[in-house]
1. Along each of the three principal axes of the Cα atoms of the chain, give the extent in whole Å, ordering the values from largest to smallest.
2. Between ASP34 and GLU66, what is 0.36 nm times their sequence separation minus the Cα-Cα distance? Round to one decimal in nm.
3. Using alpha carbons only, how many degrees (0 to 90, rounded to 10) separate the axis of helix 27-49 from the longest principal axis of the chain?
4. What angle, in degrees between 0 and 90 and rounded to the nearest 10, separates the Cα long axis of helix 53-77 from the longest principal axis of the Cα atoms of the chain?
Amino acid sequence: MADLNKMTEELKQNYDEIKLKVHLGSKDAQDEWDELQERWRHFESQANLKKSKEDLGDALEILGSELKQAFDRIRKAL
């Protein structure tokens, strides 16, 4: 669970940093950002539920990895 907490904190930091920059970015980055916001809200709500570590853990790891990759793409596009 410590790994999930660490991942959540890192993703939140990335989310906050990119959120500040995205309005200056390209239209493509803004479109991807809009899509990511919904996925972020889903991730955040699931992480906060802390239900069944085993069931949520794998799904959250995958979603967290996808979010990290998307954050990296947007960061590069900015």
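None of the figures in this text is laboratory data; all of them are computed from the coordinates on show. Keep in mind that what you see is a predicted model, and the values were worked out from it rather than measured.
1. Each principal axis gives a Cα extent; for the chain these are 39, 18, 16 Å.
2. Details: separation 32, 0.36 × 32 = 11.52 nm, distance 1.50 nm.
Roughly 10.0 nm would be gained on extension.
3. 20 degrees
4. Helix 53-77 and the main axis of the chain meet at about 10 degrees.
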